[in-house]
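K.L.:
Submitted below is the structure of interest, expressed as structure tokens.
No value in this document is a laboratory result; all are computed from the given coordinates. Since the structure is predicted, the reported quantities are computational estimates derived from the model, not experimental observations. So basically every Cβ, Gly included, is an ideal-geometry build from the backbone, and we count neighbours across all protein chains shown.
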Amino acid sequence: MFTTSTSSVRRPELADDQIRALAPSVFAASPLPDVSQRYAFVPTAQIVSRLRESGWSPVLASEQIVRLDNRRGFQKHLLRFQRSDVQPVAGEYSPELVLINSHDRSSAYQLHAGLFRFVCGNGMIIADATFERVCIRHSGFTSDEVIDASFKLLDRVPAITARVDAFKQRQLNDSEIVTFAEAALRLRFEDTKNAPINPHRLLDCRRDADEGNDLWHVFNRVQEHLLRGGQRDWLRKREDGRRFPRTRAISGLDQNIRLNRELWNLAERVANNQPLVLAE
């Protein structure tokens, strides 16, 4: 299925106690008390166990930050899984299964396709245009449905790899590169004129492996800068004359998911030679 890599780079599997420390809500023993009687409670911990038995290894866990005490321990959480029998593609990235759920009725079970790029440690979520997410509502379902859906992802891996190859083959001219950066910046900052950084800063290279004007490398540079933050634009100032601070990393779970998927969708549009409309 994949080009075998000489590198054994993989993310280490998380044990249950490590997941519990990162996202306690995964191990909720019951749903939020005031959910409907029609709410079918299938604990995420049970799904994690079933996925392990089916060859999926959890490699990352996180949960939504909540302010209301009554939601704490039931909030939305995210886990990423890899398979030991799927080789990384050319040692560069590995397909992942992204599971999202909550026990406070704020989210159905969701399965997304993801990629993990080793050189920068970036975890991506692929837009529905490439792999349609699977949503399973909390009403009359069993864990078997989630397991069955996880194997649909394996069937789609060659198509996902083909899209990455298409991104690599699509060379961008200077105008297209700047337009992509402008469109990406608008996904995070609605008013780009007053954003803390210029779109060109999203194109900075943090490492030699990110250099290149093909869509794949441009996409990766922009994605890392938008999600990890840490950039400062000395040429930009607030209306009161003060300089903007460094951009912040995305810490919110929902914003991370949204931005990841929308960035991939932007790349899909460019790969398909569709215009990026930059209406103010």
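K.L.:
Name the shape class, rounded, prolate or oblate, that the alpha-carbon gyration tensor gives for the range 66-209, where a ≥ b ≥ c are the square roots of its eigenvalues, rounded holds for a/c under 1.5, and otherwise prolate holds if a/b is larger than b/c and oblate otherwise.
P.N.:
It is oblate, given that a/c is not under 1.5 and a/b is not larger than b/c.
K.L.:
Can I ask one more? Taking the beta-carbon count within 10 Å as an exposure proxy, list SER57, SER25 from fewest neighbours to most.
P.N.:
SER57, SER25
K.L.:
Given a cut-off of under 8 Å on Cα pairs at least six residues apart, what relative contact order in percent is computed for the range 223-262?
P.N.:
Once divided by the residue count of the range 223-262, the mean separation gives 40 percent.
K.L.:
Shifting gears a bit: Just to be sure I understand the model, the point goes 7 Å from the Cα along the line to the Cβ. What's the resulting ARG248 to ASN70 distance in nm?
P.N.:
2.7
K.L.:
For the pair ASN194 and ASP165, how long in nm is the line joining their label points, each one 7 Å along Cα→Cβ?
P.N.:
That separation, rounded to one decimal, is 4.7 nm.
K.L.:
Same structure again: Could you rank the peptides 207-213, 196-202 by their average count of other C-beta atoms within 10 Å per residue, with the highest value first?
P.N.:
Peptide ranking by packing, descending: 196-202, 207-213.
K.L.:
Okay, next question. Which lysines, if any, have their Cα less than 17 Å from the Cα of LYS193, not counting same-chain residues under 8 positions apart?
P.N.:
LYS237
K.L.:
Using the Cβ atoms and a cut-off under 12 Å, what net charge is assigned to the surroundings of VAL157, where Lys and Arg are +1 and Asp and Glu are -1?
P.N.:
Net charge around VAL157: +1.
K.L.:
Taking all pairs of distinct Cα atoms, average 1/r, flip it, and tell me the Kirkwood hydrodynamic radius of the range 174-271 in Å to one decimal place.
P.N.:
Result for the range 174-271 stands at 13.8 Å.
K.L.:
Another question, if that's okay. Which net charge results for the neighbourhood of ARG105, defined as the other residues with beta-carbon distances under 13 angstrom from its beta-carbon, given Lys and Arg at +1 and Asp and Glu at -1?
P.N.:
It works out to a net charge of +2.
K.L.:
List the residue ranges in the chain for DSSP H helices whose C-alpha atoms run 20 angstrom or more along the long axis and whose Kyte-Doolittle average is -1.0 or above.
P.N.:
Flagged H segments are 143-169, 174-188, 253-271.
K.L.:
To the nearest 20 debye, what is the magnitude of the charge dipole of the range 175-279 about its Cα centre, counting +1 on the Cβ of each Lys and Arg and -1 on the Cβ of each Asp and Glu?
P.N.:
Around 560 debye, computed over the range 175-279.
K.L.:
Here's something else I'd like to know. Could you pull out which residues in the range 46-63 have an amide N less than 15 Å from a spot 7 Å beyond the Cα of GLU13, following the Cα-Cβ vector?
P.N.:
48-60
K.L.:
In addition: Mean residue ellipticity at 222 nm from the helices of the chain, using -39,500 (n - 2.57) per DSSP H segment of n ≥ 4 over the full residue count, to the nearest 500 deg cm²/dmol?
P.N.:
-11000 deg cm²/dmol
K.L.:
For the chain, what relative contact order do you get, as a whole percent, if you take Cα pairs closer than 8 Å and at least 6 residues apart?
P.N.:
Reported as a whole number, the value is 15 percent.
K.L.:
Now for a separate question. Which aspartates and glutamates, on any chain, are close to LYS76 with Cα under 15 Å apart, when same-chain ones fewer than 8 places away are left out?
P.N.:
GLU63, ASP104, ASP254
K.L.:
For the range 165-204, which GluC sites (Glu not before Pro) are both in a DSSP coil and crowded by at most 12 other Cβ atoms within 10 Å?
P.N.:
Answer in residue order: GLU190.
K.L.:
With a cut-off of at most 15 other beta carbons within 10 Å, and DSSP calling the residue loop, which trypsin sites (Lys or Arg not before Pro) in the range 216-249 qualify? Please list them.
P.N.:
ARG232, ARG236, ARG238, ARG242, ARG246, ARG248
K.L.:
Something else now. How big is the chain on each of its three principal axes, counting only the C-alpha atoms and giving the largest first in Å?
P.N.:
Computed over the Cα atoms, the extents are 54, 50, 32 Å.
K.L.:
Now, a different point. Which one, SER54, SER107, VAL89, is farthest towards the positive end of the dipole of the range 48-190 when Lys and Arg carry +1 and Asp and Glu -1 on their Cβ?
P.N.:
Positive-most Cα among the choices belongs to SER107.
K.L.:
At R0 = 41 Å, how high is the FRET efficiency between LEU276 and SER84 if r is their beta carbon distance? Nearest 0.05 is fine.
P.N.:
It comes to 0.60.
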